[in-house]
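The values are calculated or read from the model by the stated rules, or taken from the named source; none is laboratory data. These figures come from a predicted structure and were not determined experimentally. Cβ atoms come from the backbone with ideal geometry, glycine included; neighbour counts cover every protein chain shown. The protein model used for the area step is the full one, side chains on, heavy atoms only, and it has no ligands, DNA or RNA in it. Shrake-Rupley method; radii C 1.70, N 1.55, O 1.52, S 1.80 Å.
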Amino acid sequence: IGIVDIGSNTVRLVVFDAPARLPVPIFNERVACGLGKGLGQSGCLNPEGVALAMHTLGRFTSLAREMKVENFVLVATAAVREASDGAAFTEEITRSFGFPVKVLSGEEEARLGAMGILGGSPKADGVSGDLGGGSLDMVSLDMGSFGQSGTLPLGHLRVAEDSGQDPKKA
């Protein structure tokens, strides 16, 4: 099983040996592309980030083919979801590499993050939070059951840019 996470700051490929409650990763690589850099001001994906992401996705799809990954999934999160050119970006990925991209809603993103916690702690109780480059995704957990979830535009790239800092130094 291979999963590519196209995030606001990084693009990551993780390949797991087999489906299981706690699958073992056999390959894990990420590249800081900065797709969401400047999104708050421009409303568009960062052009340099798009170029680097496309190069990275070429490498990742080639690796997945060489590793004979049977179930290969590409997902995109906040930056792609919110950018005016996000749909065009995902269409170009599909056209270039032959794999569709699932753009996750904020709720889906929060729940998938929480599923990772439940895999290791099936009776988790509290709030799961996942802070990325473009969003903070939260979901309440009640003894292993999902509760309310939400997404806030509070990723580290956004906070740094809104405060006038260089995101690379934040």
Test: residue 150 is part of a helix (DSSP H, G or I) and surrounded by fewer than 16 Cβ atoms within 10 Å (Cβ to Cβ): no
Total residues in region 119-147, condition β-branched (Val, Ile, Thr) and open to solvent by less than 50 Å² (accessible area, probe 1.4 Å): 1
Residues of region 100-120 that turn out to be without any contact (Cβ under 8 Å) to a residue 60 or more places away in the chain and more than 17 Å from residue 133 (Cα to Cα), as a count: 8
One residue from 140, 128 being without any contact (Cβ under 8 Å) to a residue 24 or more places away in the chain, out of contact with any Leu (no Cβ under 7 Å at 6 or more places or on another chain) and not in a helix (DSSP H, G or I): 140
Residue within region 95-110 that is closer than 30 Å to residue 126 by Cα, in contact with a helix residue (DSSP H, G or I) (Cβ under 9 Å, 6 or more places away or on another chain) and open to solvent by 70 Å² or more (accessible area, probe 1.4 Å) present: yes
